[in-house]
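Here is the structure we will look at, set down as structure tokens.
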Amino acid sequence: MDRQQPSVKADDDVLAQVIRVGICGTDREEAGGGRALPPSGGKELVIGHEALTRVLQTGKAVSRVKPGDLAVLTVRRGCDACLPCTMNRSDMCLTGSYRERGIWGLDGYQTELVADRERYVVRVPPELESVGVLTEPLSVAEKAIDEAARIQTSRLPESAARPDWLHGRRCLVAGLGPIGLLAALALRLRGAEVFGLDIVDEGSSRPSWLKRIGGSYVDARTRPSQVMQEMELVFEATGVASLEFSLLDVLGRNGVYVLTGIPGGDRPLQLDGAELIRRLVLQNQVMVGSVNASRDHYQMAVDDLAQARLAWPGHVEKLITARRPYTDFMDVMSRHDPDEIKVTLEWGR
């Protein structure tokens, strides 16, 4: 179905050409008939929410970017009814009436041209052209880690003596997909001791990538309980409900556990509720969910990508395991190679 070509219509509009779009589990779920909503009055949705673009034209009031700049666009658009959304924090929307580009109620970025308002645009330095498409998934990890650190520094009495709370902390990242590996990257940049948990062979692509940035791999199939004891932060990125709760077993006293994975289906799960509550209360533990990200977290992601390329030259790029032409859309949606980390669809330069 043809769409009207986007253009600059207001003083704060930005028109951009799409360079590449990352593919994630949400995209594949949508393509398979999962959770998605077309724009109001329509029957089809353009998917894709992890885009790197090049600015073509701007309205006269735009100052953050100019034609020729690389840029990423945020995903969520607020309800315009609650205070967080009016503060440009739609990631904390109170009404649930937000929309999300490429997911819920708004067309996404798998297209040649896109337009949006300046407030949703984040400039990407030219030296990040090869990895800038990772900004959106990294922003999700940045928000979750930022929330966990803020919670801990606000409640732990020793935090005043250790303002850089994450430095030296034992952190477990469960699920070494793109968001999990990017979370590990952000934690390592902050000096954390990072353990990555998954069920793949140690010599495969994801554990190998993790070890190159100084992380340690833990194969969940070997039940390494001693290795994972007393984690000070657990970052969950699996979306497996039974595992999400069992990971509380490795969370240490006064620890914080942040969840980003969204389980599919509605299979019931039996829990020992009394033991769970006793653990949380008696050990001063915190369990918090985190979704989406604000524009500030996108900027944090851009900054961390720049730092990571300096810390591990040529390594961040290896998160993108395949770059395919956009004409391969159907094949990419239907196949998931075992060693795949992130696949992008290429639209142009």
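Side notes on the structure shown:
- Exclusive hit being open to solvent by less than 60 Å² (accessible area, probe 1.4 Å) and of a type in the set (S, T, N, Q), set SER242, SER216: SER216
- Restricting attention to region 219-232, the residues that are crowded, with 17+ Cβ neighbours inside 10 Å and in contact (Cβ under 8 Å) with a residue 60 or more places away in the chain total 2.
- Looking only at residues in region 94-111 that are touching a strand residue (DSSP E or B) at 6+ places or on another chain (Cβ under 9 Å) and small (Gly, Ala, Ser), the one that is surrounded by the fewest Cβ atoms within 10 Å (Cβ to Cβ) is GLY105.
- Residues that are within 25 Å of LYS143 (Cα to Cα) and polar (S, T, N, Q) occur at least once in region 21-38.
- Failed condition for PRO313, given (1) surrounded by 14 or more Cβ atoms within 10 Å (Cβ to Cβ); (2) modelled with pLDDT of 95 or more; (3) over 20 Å from the mean Cα position of the chain (by Cα); (4) not hydroxyl-bearing (Ser, Thr, Tyr): (1)
- Condition met for LEU189 (within 21 Å of the chain's Cα centre (by Cα), open to solvent by less than 20 Å² (accessible area, probe 1.4 Å) and at pLDDT 95 or above): no
- Only helices (runs of 4 or more DSSP H) whose full extent lies in region 233-349 are considered here, and the ones with at least 2 residues that are small (Gly, Ala, Ser) and touching a residue at least 60 places away in the same chain (Cβ under 8 Å) are 295-311.
- Residue in region 10-47 that is farthest from TRP347 (Cα to Cα), counting only those that are among the small types (Gly, Ala, Ser) and at pLDDT 95 or above: ALA10
- Wholly enclosed strands (runs of 3 or more DSSP E) of region 119-208 bearing at least 2 residues closer than 30 Å to VAL62 by Cβ: 121-124
- Tallying residues that are over 17 Å from the mean Cα position of the chain (by Cα) and buried (at least 20 other Cβ atoms within 10 Å of the Cβ) within region 112-127 yields 2.
- In region 324-349, the residue that is modelled with the lowest pLDDT out of those that are over 19 Å from the mean Cα position of the chain (by Cα) and of a type in the set (Lys, Arg) is ARG349.
The values are calculated or read from the model by the stated rules, or taken from the named source; none is laboratory data. Bear in mind that the values here come from a model prediction, so they are computed numbers and not experimental data. Note: ideal-geometry Cβ built from the backbone for every residue, glycine included; neighbour counts use all protein chains shown. Please note that ligands, DNA and RNA were not included when accessible areas were found on the heavy atoms of the full protein model with its side chains. Shrake-Rupley method; radii C 1.70, N 1.55, O 1.52, S 1.80 Å.
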